[in-house]
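Chemist: I have a structure here, written as structure tokens, and I will follow up with some questions on it.
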Amino acid sequence: MGRVLILGAGGVGRVVAHKCAQHPDVFANIMLASRTKSKCDEIRREIKERAGIEIETAEVDADKTGEMVALIRRFKPDLVVNVALPYQDLTVMDACLEAGVNYMDTANYEPKDVAHFEYSWQWAYQERFREKGLMAVLGCGFDPGVSNIFCAYAQKHLLDEINYIDILDCNAGSHGHAFATNFNPEINIREVTQEVRHWENGKWISTPVILDQKSVHFTFDYPVAGPKESYLLYHEELESLAKNIKGLKRIRFWMTFSDNYLTHLRVLQNVGMTRIDEVDYEGKKVVPIKFLKALLPDPATLGTNYTGKTVIGNVMRGKKDGKERSVYIYNVCDHADAYREIGAQAVSYTTGVPAMICAMLMLRGVWKGAGVFNTEQLDPDPFMEELNRCGLPWKQVEFEGRLPE
Ligand code: NDP
């Protein structure tokens, strides 16, 4: 039994709060805090209706370490689940250190003024968390998060060494809008328009961005969803997995994009609407991507008419008992089912459920340690069991398809 402080009341925060409330034996007291308190209160009302559980809510600006420390000292959580934005990771980690509480998040730190994310900033907290006997778990959504845990599971049970990893992320859903992003538009667009890299034989290889005519893509035949065009993309788990998986020769990340999405994004980029710097507009400073976010549908509201499924998983090739073996572990999540259960679409659901499972394992003391951890460094078995129990069942098959060499 423990106390959890969930930070951020967006699409993902809603799922984490609902799923924690479904497990009152683990999460005895829940607080949902965010910049806009009314969003927390709306989720509080839904949880009372659906689960009959009372949660607390609060307003906090997590960019301000002092405000976070005061809130932590008032509520006294055992764990802070940071599902606000990547910009807040460091101020929240600082607050956790100062107030003496464990930490977890679903996305690595990114400075507001540069569209670049990497773990170095958060890995630099290793000694401070270790010295205080506190645990910080980084990147425990689906990808990163479950994608890392699938690797740890394969490394523990299925392959003596993993040589090749391909993470394949498919959203075969339809939300009915001309253009929308499935999680925070600003973070999403910054992610998909940045330099594409994958890791091969100890080196990072750059390839053209997804909007370039020369981008690297191929058709992958996804279970349930069928053949979909999948684009090479840089994703943050590549950095930690390249470091932590023994015997690795190559790791890549692929994501599906429809022609419609790419066309809209290309136009927005060409006219400057994805710029992250300030421009002068009638005497006011405006950041175009922030203005664009205000115009686009709120990802948390996309669930209403969302149909179709997400299919996310890893193909992992290596050696078992001296022989080549290729395994594919994946999850299929249905947008409409997620909406029926807790009023969320599948992208928020597949992120929020793993975050809740991580919180559950930390509160139960199943995942414990002092320092900063990526999820592949922790025991995958209890996590894989909870995925099946908590709404994200996975399948494992021998992989017989083809991937680009
Ligand atoms: P949303 O934009 O829907 O929600 C973000 C929430 O954080 C909002 O409630 C926002 O408040 C709040 N927030 C923003 N700034 C602050 C601040 N300074 N202080 C307090 N609260 C703040 O995002 P999502 O829910 O879609 O995504 C949440 C996180 O999950 C992101 O970091 C995203 O990158 C990550 N993610 C991870 C995935 C994975 O698989 N690992 C997949 C998808 C997302 P307000 O309402 O006032 O704006």
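Chemist: How many of the residues in the stretch 301-318 are crowded, with 16+ Cβ neighbours inside 10 Å, part of a strand (DSSP E or B) and either without any contact (Cβ under 8 Å) to a residue 24 or more places away in the chain or under 22 Å from the mean Cα position of the chain (by Cα) (or both)?
Modeler: Looking only at that region, the number is 8.
Chemist: Can I ask one more? Select from the stretch 199-214 the residues that are loosely packed, with under 10 Cβ neighbours inside 10 Å and in contact (Cβ under 8 Å) with a residue 24 or more places away in the chain and list them in ascending order.
Modeler: Scanning the stretch 199-214 gives a single hit, ASN201.
Chemist: If I filter the stretch 39-47 for residues that are buried (at least 24 other Cβ atoms within 10 Å of the Cβ) and within 20 Å of the chain's Cα centre (by Cα), do I get at least one hit?
Modeler: In the first step, residues of the stretch 39-47 are kept if they are buried (at least 24 other Cβ atoms within 10 Å of the Cβ); the result is 40, 43.
Applying the additional criterion that residues be within 20 Å of the chain's Cα centre (by Cα) yields none.
The answer is no, given that none of the residues of the stretch 39-47 is buried (at least 24 other Cβ atoms within 10 Å of the Cβ) and within 20 Å of the chain's Cα centre (by Cα).
Chemist: Can we say GLU59 is of a type in the set (D, E, K, R) and farther than 11 Å from LEU7 by Cα? Spell out the reasoning first.
Modeler: Numbers: of a type in the set (D, E, K, R): yes; farther than 11 Å from LEU7 by Cα: no.
No; evaluated as a whole, the condition is false for this residue.
Chemist: Kindly provide the set of residues from the stretch 75-100 that are touching a residue at least 40 places away in the same chain (Cβ under 8 Å) and over 21 Å from the mean Cα position of the chain (by Cα), ordered by number.
Modeler: PHE75, LYS76, PRO77, ASP78
Chemist: Name every residue in the stretch 1-16 that is crowded, with 24+ Cβ neighbours inside 10 Å and either at pLDDT below 95 or at negative phi (or both), in order of residue number.
Modeler: Residues of the stretch 1-16 crowded, with 24+ Cβ neighbours inside 10 Å: 4-9, 11-16.
Scanning the stretch 1-16 gives VAL4, LEU5, ILE6, LEU7, ALA9, GLY11, VAL12, GLY13, ARG14, VAL15, VAL16.
Chemist: Sticking with this one: Could you list, in sequence order, all residues of the stretch 3-35 that are within 23 Å of THR181 (Cβ to Cβ), near the ligand (Cβ under 9 Å from one of its atoms) and of a type in the set (Gly, Ala, Ser)?
Modeler: Within the stretch 3-35, GLY8, ALA9, GLY10, GLY11, GLY13, SER34 qualify.
Chemist: Sort out which residues of the stretch 319-360 are surrounded by fewer than 24 Cβ atoms within 10 Å (Cβ to Cβ), of a type in the set (A, V, I, L, M, F, W, C) and in contact with an Asp or Glu (Cβ under 7 Å, 6 or more places away or on another chain), and write them in order of number.
Modeler: VAL327
Chemist: Right, another one. Applying the selection to the stretch 267-289, what residues are in contact (Cβ under 8 Å) with a residue 24 or more places away in the chain and surrounded by 13 or more Cβ atoms within 10 Å (Cβ to Cβ)?
Modeler: Here is the first cut: in the stretch 267-289, the residues in contact (Cβ under 8 Å) with a residue 24 or more places away in the chain are 268-269, 274, 276-277, 289.
Correct list: LEU268, GLN269, THR274, ILE276, ILE289.
Chemist: Also, I was wondering about something else. Which one is surrounded by the fewest Cβ atoms within 10 Å (Cβ to Cβ) among residues in the stretch 115-146 that are away from the ligand (no atom under 16 Å from the Cβ), touching a residue at least 60 places away in the same chain (Cβ under 8 Å) and part of a loop (DSSP other than H, G, I, E, B)?
Modeler: GLY133
Chemist: Moving to a separate point now. Test PHE220 against the criterion of being more than 16 Å from the ligand (Cβ to nearest atom), in the same structural domain as LYS249 (by TED's automatic domain parsing) and touching a residue at least 24 places away in the same chain (Cβ under 8 Å), and give yes or no. Reasoning before the result, please.
Modeler: Values: more than 16 Å from the ligand (Cβ to nearest atom): yes; in the same structural domain as LYS249 (by TED's automatic domain parsing): yes; touching a residue at least 24 places away in the same chain (Cβ under 8 Å): yes.
It is true that PHE220 is more than 16 Å from the ligand (Cβ to nearest atom), in the same structural domain as LYS249 (by TED's automatic domain parsing) and touching a residue at least 24 places away in the same chain (Cβ under 8 Å).
Chemist: Here is a check on your reading of the model: is ASN374 crowded, with 24+ Cβ neighbours inside 10 Å and either closer than 27 Å to GLU118 by Cβ or not assigned by TED's automatic domain parsing to the domain that holds GLU46 (or both)?
Modeler: yes
Chemist: Condition first: under 30 Å from LEU211 (Cβ atoms), more than 14 Å from the ligand (Cβ to nearest atom) and outside any helix (DSSP H, G or I). Can you find one or more residues in the stretch 178-188 that meet it?
Modeler: Step one: list which residues in the stretch 178-188 are under 30 Å from LEU211 (Cβ atoms), which gives 178-188.
Narrowing further to those that are more than 14 Å from the ligand (Cβ to nearest atom): 178-179.
With the extra rule that they be outside any helix (DSSP H, G or I), the set shrinks to 178-179.
Yes: the stretch 178-188 contains one or more residues that are under 30 Å from LEU211 (Cβ atoms), more than 14 Å from the ligand (Cβ to nearest atom) and outside any helix (DSSP H, G or I).
Chemist: Moving on. Away from the ligand (no atom under 14 Å from the Cβ), within 18 Å of the chain's Cα centre (by Cα) and either in a helix (DSSP H, G or I) or buried (at least 22 other Cβ atoms within 10 Å of the Cβ) (or both): does that describe CYS151?
Modeler: On the way: away from the ligand (no atom under 14 Å from the Cβ): yes; within 18 Å of the chain's Cα centre (by Cα): yes; either in a helix (DSSP H, G or I) or buried (at least 22 other Cβ atoms within 10 Å of the Cβ) (or both): yes.
Against the criterion (away from the ligand (no atom under 14 Å from the Cβ), within 18 Å of the chain's Cα centre (by Cα) and either in a helix (DSSP H, G or I) or buried (at least 22 other Cβ atoms within 10 Å of the Cβ) (or both)), CYS151 qualifies.
Chemist: Which of (1) within 30 Å of THR256 (Cα to Cα); (2) within 15 Å of the ligand (Cβ to nearest atom) does TYR103 not meet, given it meets every other one?
Modeler: Among (1) within 30 Å of THR256 (Cα to Cα); (2) within 15 Å of the ligand (Cβ to nearest atom), TYR103 violates only (1).
Chemist: Is it the case that LEU392 is touching a Pro at 6+ places or on another chain (Cβ under 9 Å), in a loop (DSSP other than H, G, I, E, B), closer than 30 Å to ASP78 by Cβ and within 16 Å of the ligand (Cβ to nearest atom)? Outline the logic, then answer.
Modeler: Values: touching a Pro at 6+ places or on another chain (Cβ under 9 Å): yes; in a loop (DSSP other than H, G, I, E, B): yes; closer than 30 Å to ASP78 by Cβ: yes; within 16 Å of the ligand (Cβ to nearest atom): yes.
Considered against the rule, which asks whether it is touching a Pro at 6+ places or on another chain (Cβ under 9 Å), in a loop (DSSP other than H, G, I, E, B), closer than 30 Å to ASP78 by Cβ and within 16 Å of the ligand (Cβ to nearest atom), LEU392 comes out as yes.
Chemist: Residues to consider are LEU233, LEU268, LEU238; find the one that is in the same structural domain as LYS319 (by TED's automatic domain parsing), in contact with a Phe, Trp or Tyr (Cβ under 9 Å, 6 or more places away or on another chain), at pLDDT 95 or above and farther than 19 Å from GLU110 by Cβ.
Modeler: Values: LEU233 fails: farther than 19 Å from GLU110 by Cβ; LEU238 fails: farther than 19 Å from GLU110 by Cβ.
Among LEU233, LEU268, LEU238, only LEU268 is in the same structural domain as LYS319 (by TED's automatic domain parsing), in contact with a Phe, Trp or Tyr (Cβ under 9 Å, 6 or more places away or on another chain), at pLDDT 95 or above and farther than 19 Å from GLU110 by Cβ.
Chemist: Of the residues LYS48, LYS19, LYS37, LYS64, which single one is of a type in the set (D, E, K, R), modelled with pLDDT of 95 or more and closer than 19 Å to ARG364 by Cα?
Modeler: Values: LYS48 fails: closer than 19 Å to ARG364 by Cα; LYS37 fails: closer than 19 Å to ARG364 by Cα; LYS64 fails: closer than 19 Å to ARG364 by Cα.
Within the list LYS48, LYS19, LYS37, LYS64, the selection yields LYS19.
Chemist: Give just the number: which of (1) within 25 Å of GLY391 (Cα to Cα); (2) within 11 Å of the ligand (Cβ to nearest atom); (3) of a type in the set (Gly, Ala, Ser) does SER38 not satisfy?
Modeler: (1)
The values are calculated or read from the model by the stated rules, or taken from the named source; none is laboratory data. Being a predicted model, the structure only gives us computed values, none of them experimental. So basically every Cβ, Gly included, is an ideal-geometry build from the backbone, and we count neighbours across all protein chains shown.
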